[in-house]
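Colleague: Have a look at the structure that comes next, please.
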Amino acid sequence: MFDVIIAGCGPTGAMLAAELRLHGVRVLVVEKETEPASYVRIVGLHVRSLELLAMRGLLDRILPHGRRRPAAGFFAAIAKPAPKDLDSAYAYLLGIPQPVIVGLLEEHAIELGAQVRRGRAVVGIEQDDQGVTVELTDGEQLRSRYLVGCDGGRSTVRKLLGVGFPGEPARTETLMGEMEVGAPQEEIAATVNAIRENHHPFWLRPAGNGVYSVVVPAAGVSDRAVAPTLEDFQQQLRTIAGTDFGVHSPRWLSRFGDATRLADRYRVGRVLLAGDAAHIHPPIGGQGLNLGVQDAFNLGWKLAAHIRGWAPEALLDTYQAERHPVAADVLDNTRAQMELLSPEPGPQAVRRLLTELMDVDEVNRHLIEKITAIGIRYDFGAGPDLLGRRLGDVAVKQGNLYGLLHRGRGLLLDRTERLTVGGWSDRVDHLTDPTAELDVPCVLLRPDGHVAWVGDDQQSLDQHLSRWFGEPAH
Ligand SMILES: Cc1cc2nc3c(=O)[nH]c(=O)nc-3n(C[C@H](O)[C@H](O)[C@H](O)COP(=O)(O)OP(=O)(O)OC[C@H]3O[C@@H](n4cnc5c(N)ncnc54)[C@H](O)[C@@H]3O)c2cc1C
């Protein structure tokens, strides 16, 4: 009997497993594939994800594998510099191959004690009042108290639950792969530059070891479960560029579409959905993996609280209440960005106008804060602007705040030196520091780094400790 079974060891599942292990939850991750994905998709980790990784002491481990870029040019690929003084100690983009980030997160989860079983998929689920029975491909049946479907856009768990996935189907599809080429580099560069004026997305770029990364629009929308062939690439290159550049010897071939969908519900009883299983959208702006990792951060401590027995009644439902609107907003911004990439005169005129508007610092900042997810403010009710927002990595007497959040507990950051976390001290740390870099007397942070309370009054603090951390232990 496990506490939680996670279907899928992608970035979302691996991150969730690690978050649950911080609280001693018995976790099994079931992954359909026998080996981690071999295709190298470079993804961008945005500011909020970098902050979360720093909060768990993982960033230093991940940084050497990636490449830092300015936090700019994300929105519809409109080239503008990063806004001035972006409010984060991690104000950059980290470009990193997806298999590397998944591998590091899986390794971290295993170090913390998560079990990962590869080569078997979840094919059946049945839930009752006590737990969930999970059936795997080989017929084995496992039992857990909760199941989380982190099994990607085609999620079996979501389908088995019968959760609706409304939205728009794919209208276009893009082929993506790595292969060798026969044509000289200069000739490729000249042709690609000419074509990119009209075709989004299209590129052939050296990817190291004599291999080129090739991206080309597909002939139409097909069944994405089937991998494309080298002939598909050759034919599309010839159609669009007039030559197939002599491509041969593929390393891997893949395809992706621009379907945009959001699950109706993130929870049905003891089964929850996170990451691409709950939302899909085109990769413009590079937000999907970031969104999934941030789902995992929001869900992990709440699910752990239920399993440890101290969760307030409605805590688990705040997962959907907080994360569903965030995903809806990401879907909307990708819809807007896709329109801005259209070569039609109308969208191109709007693009020119937005390009002008982005010279206004507030506009540029708003868009970057949206894509990097540092602008998120959860609705925790009336209160100061900081309530519901994430707190940056402010300076405290021990160094930096995020260095104190590695264990995934709550934290009272107290400049008044007269408050206490009392009977919640088994779940919430208390740091008294009159010099902390805050312009409010005191903040209560949830384990995901969002501000759950701002004030200086013990009675009000106790109410909010109860709201987020349940009944005091004594
Ligand atoms: C071209 C491209 C570029 C992108 N660039 C970015 C970017 O720059 N930044 C960004 O944030 N995002 C980017 N994304 C999106 C990102 O890749 C996804 O959002 C991310 O992989 C979602 O992670 P996940 O863990 O939720 O799902 P997945 O990565 O799909 O992982 C799901 C896992 O579940 C497993 N699985 C499936 N079914 C079962 C089952 N029944 N039982 C057990 N296991 C199962 C799968 O094998 C897989 O390992 C990009 C996507 C594309 C296509």
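Colleague: K397: which aspartates and glutamates have alpha carbons under 18 Å from its alpha carbon, excluding same-chain residues fewer than 8 sequence positions away?
Modeller: D414, E417, D429, D433, E437, D439
Colleague: Among the DSSP beta bridges whose two residues both lie in region 408-474, what percent are antiparallel, rounded to the nearest 5?
Modeller: Taking every DSSP beta bridge within region 408-474, about 60 percent pair in antiparallel fashion.
Colleague: Separate question: Please report the antiparallel percentage of the DSSP beta bridges confined to the chain, to the nearest 5. Before the final figure, lay out each step's value.
Modeller: Values: 51 of 72 bridges.
Of all bridge pairs located within the chain, approximately 70 percent are antiparallel.
Colleague: Now for a separate question. Points 7 angstrom from Cα along the Cβ direction at R69 and E231: gap in nanometres?
Modeller: Here the modelled spin labels are 3.5 nm apart.
Colleague: Pick out, from S38, A79, A190, the residue whose Cα sits farthest towards the positive end of the charge dipole of the chain, with +1 on the Cβ of Lys and Arg and -1 on the Cβ of Asp and Glu.
Modeller: S38
Colleague: Let me ask something additional. I need two numbers for region 1-66: Rg to one decimal and Dmax as a whole number, Cα atoms only, in Å.
Modeller: 13.5, 38
Colleague: Excluding residues fewer than 8 places away in the same chain, name every one of the aspartates and glutamates whose C-alpha is closer than 13 Å to that of K84.
Modeller: D359, D361, E362, E369
Colleague: Follow-up. Which lysines have a Cα less than 29 Å from the Cα of K80, not counting those fewer than 8 places away in the same chain?
Modeller: Straight-distance partners of K80: K370.
Colleague: A follow-up question, please. Treating only the Cβ of Lys, Arg, Asp and Glu as charged (+1, +1, -1, -1), what charge dipole size does the chain show about its Cα centre? Round to the nearest 20 debye. Walk me through the numbers on the way to the answer.
Modeller: On the way: 50 positive and 61 negative charges, 84 e Å.
For the chain, the charge dipole is close to 400 debye.
Colleague: Could you give me D for region 230-325, from Stokes-Einstein at 4 °C and 1.567 mPa s, where the hydrodynamic radius is the Kirkwood radius over C-alpha pairs? Units µm² s⁻¹, please.
Modeller: Numbers: Rh = 16.6 Å.
Rounded to a whole number, D works out at 78 µm²/s.
Colleague: Sorting check: for 382-389, 43-50, 29-36, which peptide has the highest mean count of neighbouring beta carbons within 10 Å, and how do the rest follow? Don't skip to the end; give the middle numbers.
Modeller: Values: 382-389: 14.5, 43-50: 25.5, 29-36: 17.6.
In decreasing order of mean packing, 382-389, 43-50, 29-36 become 43-50, 29-36, 382-389.
Colleague: Rounded to the nearest 500, what is the 222 nm mean residue ellipticity of the chain from helices alone, with -39500 (n - 2.57) per DSSP H run of 4+ residues and division by all residues? It would help to have the intermediate numbers written out before the result.
Modeller: On the way: 12 runs with 149 residues, N = 474.
The helix-only estimate for the chain comes to -10000 deg cm²/dmol at 222 nm.
Colleague: Take the Cα atoms of the chain, find their three principal axes, and give me the spread along each one in whole Å, biggest first.
Modeller: In descending order, the Cα extents are 75, 59, 39 Å.
Colleague: While we're here: Compare the peptides 441-448, 258-265, 301-308 by average per-residue count of other Cβ atoms within 10 angstrom and give them in order, highest first.
Modeller: Going by the mean number of other Cβ atoms within 10 Å, highest first, we get 441-448, 301-308, 258-265.
Colleague: In whole percent, and with a 1.4 Å probe on the protein chains, what portion of the accessible area of the chain is carbon and sulfur? Please report the intermediate quantities before stating the final value.
Modeller: On the way: 10030 of 20230 Å².
Of all accessible area on the chain, carbon and sulfur atoms account for 50 percent.
Colleague: Which percent, nearest 5, of DSSP beta bridges in region 359-465 are antiparallel? Walk me through the intermediate numbers first.
Modeller: Details: 11 of 16 bridges.
If we restrict to bridges inside region 359-465, about 70 percent are antiparallel.
Colleague: While we're looking at this one, here's another question. Is the shape of region 373-450 best called rounded, prolate or oblate, per the rule: a/c under 1.5 gives rounded, else a/b larger than b/c gives prolate, else oblate, with a ≥ b ≥ c the square roots of the Cα gyration tensor eigenvalues? Display every interim value, and only then the final one.
Modeller: Details: a/c = 1.34, a/b = 1.28, b/c = 1.05.
Because its axes are fairly even, with a/c under 1.5, region 373-450 counts as rounded.
Colleague: How much solvent-accessible surface does Y146 expose, in Å² to the nearest 10, with a 1.4 Å probe and all protein chains in place?
Modeller: 20
The values are calculated or read from the model by the stated rules, or taken from the named source; none is laboratory data. Just so it is clear, the model here is predicted, and its values are computed rather than measured. Here the Cβ is made from the backbone with ideal geometry for all residues, glycine too, and neighbour counts use every protein chain on show. Areas reflect the complete protein model, heavy atoms only, side chains present, ligands, DNA and RNA absent. Shrake-Rupley method; radii C 1.70, N 1.55, O 1.52, S 1.80 Å.
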